[in-house]
Amino acid sequence: MPKAKCRECGKTFEYTWGAVNCPECEVRIRRIFKDVKNYLWDNPGASEAIVCEKFGISRHVINDWLRNDKIQISENSDIVLRCEKCGAEILSGHYCSKCQKEVDGTSVHGTFMGKEEKAEMRYLDRKK
């Protein structure tokens with residue numbers, strides 16, 4: 001199995017699909033998330049640096065939470081998150097609302113799926 005280096009602690013671990021942290025850091029980060037969420041609720045607008053320092057996590061973790069819609073940037077934040085398609089500023093996720101609609105409107109093979117068409121499994125152009 002391939003090896004990877006943990007983004008948090010730097011330790012080498014056996015890589016599994018999608019993993020960026022070692023299993024120990026993943027467990028620690030999941031436990032910390034609830035505390036960070038409560039802290040941000042009580043302290044809206046807290047800077048990324050303060051959150052990272054207070055909870056002992058890296059900016060990578062904050063970015064992952066933002067991109068996965070677990071937390072959202074407040075109005076006065078020092079963080080700038082951009083849509084991966086058009087570059088517009090966004091509060092969380094990967095895309096702005098306009099680009100998200102375009103991304104959601106694609107089906108297999110990248111063709112646009114009309115509103116009246118349902119997403120169904122297909123085999124050799126016949127519905128199954």
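Give all pairs with beta carbons closer than 7 Å in which a residue from region 77-104 that is polar (S, T, N, Q) meets a residue that is loosely packed, with under 13 Cβ neighbours inside 10 Å and assigned to a loop (DSSP other than H, G, I, E, B); count only pairs at least 6 apart in sequence or on separate chains.
Once the first residue is polar (S, T, N, Q) and sits in region 77-104, its partners that are loosely packed, with under 13 Cβ neighbours inside 10 Å and assigned to a loop (DSSP other than H, G, I, E, B) give SER77/GLY45; SER92/ASP69.
Can you tell me which residue within region 12-22, out of those that are more than 14 Å from SER58 (Cβ to Cβ) and either hydrophobic (A, V, I, L, M, F, W, C) or modelled with pLDDT of 90 or more (or both), is surrounded by the fewest Cβ atoms within 10 Å (Cβ to Cβ)?
TRP17
Would you check which residues across region 36-73 are of a type in the set (A, V, I, L, M, F, W, C) and outside any loop (DSSP other than H, G, I, E, B) and list them?
Of everything in region 36-73, those that are of a type in the set (A, V, I, L, M, F, W, C) and outside any loop (DSSP other than H, G, I, E, B) turn out to be VAL36, LEU40, TRP41, ALA49, ILE50, VAL51, CYS52, PHE55, VAL61, ILE62, TRP65, LEU66.
Which count do you get for residues in region 74-101 that are surrounded by 13 or more Cβ atoms within 10 Å (Cβ to Cβ) and in a helix (DSSP H, G or I)?
So the count comes out to 2.
Hey, can you tell me all the residues within region 2-11 that are part of a loop (DSSP other than H, G, I, E, B) and either loosely packed, with under 11 Cβ neighbours inside 10 Å or small (Gly, Ala, Ser) (or both)?
Result: PRO2, GLY10.
Tell me which of these GLY45 doesn't satisfy, since it passes every other one: (1) surrounded by 13 or more Cβ atoms within 10 Å (Cβ to Cβ); (2) in contact (Cβ under 8 Å) with a residue 24 or more places away in the chain.
(1)
The values are calculated or read from the model by the stated rules, or taken from the named source; none is laboratory data. Keep in mind that this is a model prediction, so the values were computed, not measured. With ideal geometry, Cβ positions are generated from the backbone for all residues, glycine too; neighbour counts draw on all protein chains shown.
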